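**Q** The structure that follows is given in the form of structure tokens.
The values are calculated or read from the model by the stated rules, or taken from the named source; none is laboratory data. Given the structure is predicted, the values throughout are model-derived calculations rather than measurements. Here the Cβ positions follow ideal geometry from the backbone for every residue, glycine too, while neighbour counts run over all protein chains shown. The protein model used for the area step is the full one, side chains on, heavy atoms only, and it has no ligands, DNA or RNA in it. Shrake-Rupley method; radii C 1.70, N 1.55, O 1.52, S 1.80 Å.
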Amino acid sequence: MRVRVLGSAAGGGFPQWNCGCPNCAGVRAGTIRATVRTQESVAVSADGEGWVLLNVSPEIRQQVESFPGLHPRGPRHSPIDAIVLTNGDLDHTLGLLSLRESHPLVIYATERVRLGFTEGNVLYRTLERFPGQVTWRLLALGREEEIARADGAGTGLLMEAVPAPGKPPIHLEGARPPDPEDSIGLRIREVSTGRCLAYFAAAGGVTPAVLDAMAGADGVFFDGTFWASDELPALGLGSKRAEEMAHLPIGGAGGSLAALRGVRAPRRIYIHINNTNPILRDDSAERRAVDAAGWEVAQDGMEVTL
Ligand code: MLT
Ligand code: MN
Ligand code: ZN
């Protein structure tokens, strides 16, 4: 299974347009050891021909252009066989509107995420230019199914949606009660080899279901948004702690490095990294702690073969 990181940053990207935090200012000025990153999206393939996108960031156009595997192979063609949405956050879904050029799309999502994106959304009509432009396939928690293309052919990848502690997207907070289908992780298994990827780009905690999904996996991606709970307030950038945003921080006694220390996957990779996170600096103490624990930090263009 090939896993290609198209974008590795959290919402806003790195640097973020309105942010002058030490990381964003430093990467702009070239005074810190860090690399710019676009917003999180990953492409997965069993055969290297067709690809399944996990989330579609606002930077999808640039991300497709940056990876020849996603370029068209005919006058009208895309190797993108299907798209999977892990929640309704705009950094995961806005790119759908950029894929409006009258191309049939297969989108897997929970019913909650589908409704959150389509209901009352006049812009969604741009994906209803012709009947069948979007085929929604509804994900049910805990059911393994093969990801299929628009014509029904299998992709060679089996997927199971796993509840991940989360919340509705910010624009729907308070509009509906929280629900386990607001945010999912994925366990993706390649039919031909049995190789397995556990993908949790947003998770407010580590539950038994999350650990089960990671058990025996060859590669694990996990929420690397924040190093510390109070990262934003400490920088004067907002009042919310990481947990209030449904992101478990990496560091600290209750953080994900500690909570996932029993996970033995050969590749363990933090993704969806916020621009404030000190692990973005190649020479920070926090980065050294992540390295020492055997975790990697995702970068745009990184490719992992499981
Ligand atoms: C998040 O990951 O918490 C969201 O992407 C935040 C946002 O929508 O800006
Ligand atoms: Mn996000
Ligand atoms: Zn910043």
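**Q** Of the residues in the stretch 70-118, how many are under 19 Å from the mean Cα position of the chain (by Cα) and outside any loop (DSSP other than H, G, I, E, B)?
**A** The total comes to 28.
**Q** Considering only residues that are surrounded by fewer than 17 Cβ atoms within 10 Å (Cβ to Cβ) and within 16 Å of ligand 1 (Cβ to nearest atom), look in the stretch 13-22 and name the one that is nearest to GLU59 (Cα to Cα).
**A** TRP17
**Q** Considering only residues that are within 30 Å of GLY262 (Cβ to Cβ) and either touching a Ser or Thr at 6+ places or on another chain (Cβ under 9 Å) or within 15 Å of ligand 3 (Cβ to nearest atom) (or both), which ones fall in the stretch 220-239?
**A** Result: PHE222, ASP223, GLY224, THR225, PHE226, TRP227, ALA228, GLU231, LEU232, ALA234.
**Q** Can you find a residue in the stretch 45-58 that is out of contact with any Leu (no Cβ under 7 Å at 6 or more places or on another chain), of a type outside the set (Ser, Thr, Tyr) and free of Cβ contacts under 8 Å to residues at least 12 places away in the same chain?
**A** Checking the stretch 45-58: not a single residue is out of contact with any Leu (no Cβ under 7 Å at 6 or more places or on another chain), of a type outside the set (Ser, Thr, Tyr) and free of Cβ contacts under 8 Å to residues at least 12 places away in the same chain.
**Q** Is it the case that the stretch 118-131 has a residue that's surrounded by fewer than 22 Cβ atoms within 10 Å (Cβ to Cβ) and aromatic (Phe, Trp, Tyr)?
**A** Checked the stretch 118-131: at least one residue is surrounded by fewer than 22 Cβ atoms within 10 Å (Cβ to Cβ) and aromatic (Phe, Trp, Tyr).
**Q** Let me ask another. Are any residues in the stretch 266-306 among the charged types (D, E, K, R) and not in a loop (DSSP other than H, G, I, E, B), and if so, which ones?
**A** Residues satisfying the conditions are ARG267, ARG268, GLU286, ARG287, ARG288, ASP291, GLU296, GLU303.
**Q** Cβ-Cβ distance below 7 Å, separation of 6 or more or different chains: which pairs start in the stretch 173-188 with a residue that is open to solvent by 50 Å² or more (accessible area, probe 1.4 Å) and end on one that is hydrophobic (A, V, I, L, M, F, W, C)?
**A** That search, which allows pairs on different chains as well, returns PRO180/LEU141; ARG187/VAL162; ARG187/CYS196; ARG187/ALA198; ARG187/ALA213.
**Q** Right, something else. Here are ALA10, ALA34, ALA25: which of them is among the aliphatic types (A, V, I, L, M) and open to solvent by 40 Å² or more (accessible area, probe 1.4 Å)?
**A** Of the residues listed, the single one that is among the aliphatic types (A, V, I, L, M) and open to solvent by 40 Å² or more (accessible area, probe 1.4 Å) is ALA25.
**Q** So which residues in the stretch 131-182 are over 24 Å from PRO104 (Cβ atoms) and under 17 Å from the mean Cα position of the chain (by Cα), if there are any at all?
**A** GLU160, VAL162, PRO163, ALA164, PRO165, GLY166, LYS167, PRO168, PRO169, ILE170, GLU181, ASP182 - these are the residues of the stretch 131-182 that are over 24 Å from PRO104 (Cβ atoms) and under 17 Å from the mean Cα position of the chain (by Cα).
**Q** Quick one: PRO165 ticks every box in (1) surrounded by fewer than 20 Cβ atoms within 10 Å (Cβ to Cβ); (2) assigned to a loop (DSSP other than H, G, I, E, B); (3) within 16 Å of ligand 1 (Cβ to nearest atom) bar one, so which box is it?
**A** The one condition PRO165 does not meet is (1).
**Q** Check ALA217, ALA198, ALA213 and return the single one that is part of a loop (DSSP other than H, G, I, E, B) and open to solvent by less than 10 Å² (accessible area, probe 1.4 Å).
**A** ALA217
**Q** What about PRO249, is it open to solvent by 50 Å² or more (accessible area, probe 1.4 Å) and free of Cβ contacts under 8 Å to residues at least 60 places away in the same chain?
**A** no
**Q** What is the one condition in (1) under 16 Å from the mean Cα position of the chain (by Cα); (2) among the basic types (Lys, Arg); (3) open to solvent by 60 Å² or more (accessible area, probe 1.4 Å) that LYS240 does not satisfy?
**A** Answer for LYS240: the failing condition is (1).
**Q** In addition: Within the stretch 220-235, identify whether any single residue is open to solvent by less than 10 Å² (accessible area, probe 1.4 Å), out of contact with any helix residue (DSSP H, G or I) (no Cβ under 7 Å at 6 or more places or on another chain), hydrophobic (A, V, I, L, M, F, W, C) and in contact (Cβ under 8 Å) with a residue 12 or more places away in the chain, and answer yes or no.
**A** Among the residues of the stretch 220-235, at least one is open to solvent by less than 10 Å² (accessible area, probe 1.4 Å), out of contact with any helix residue (DSSP H, G or I) (no Cβ under 7 Å at 6 or more places or on another chain), hydrophobic (A, V, I, L, M, F, W, C) and in contact (Cβ under 8 Å) with a residue 12 or more places away in the chain, which makes the answer yes.
**Q** Where residues in the stretch 37-64 are part of a loop (DSSP other than H, G, I, E, B), within 16 Å of ligand 1 (Cβ to nearest atom) and of a type in the set (D, E, K, R), which of them is surrounded by the fewest Cβ atoms within 10 Å (Cβ to Cβ)?
**A** GLU59
**Q** In the stretch 90-108, which residues are farther than 13 Å from TYR124 by Cβ, within 16 Å of ligand 2 (Cβ to nearest atom) and open to solvent by less than 30 Å² (accessible area, probe 1.4 Å)?
**A** Passing the criteria: ASP91, HIS92, GLY95.
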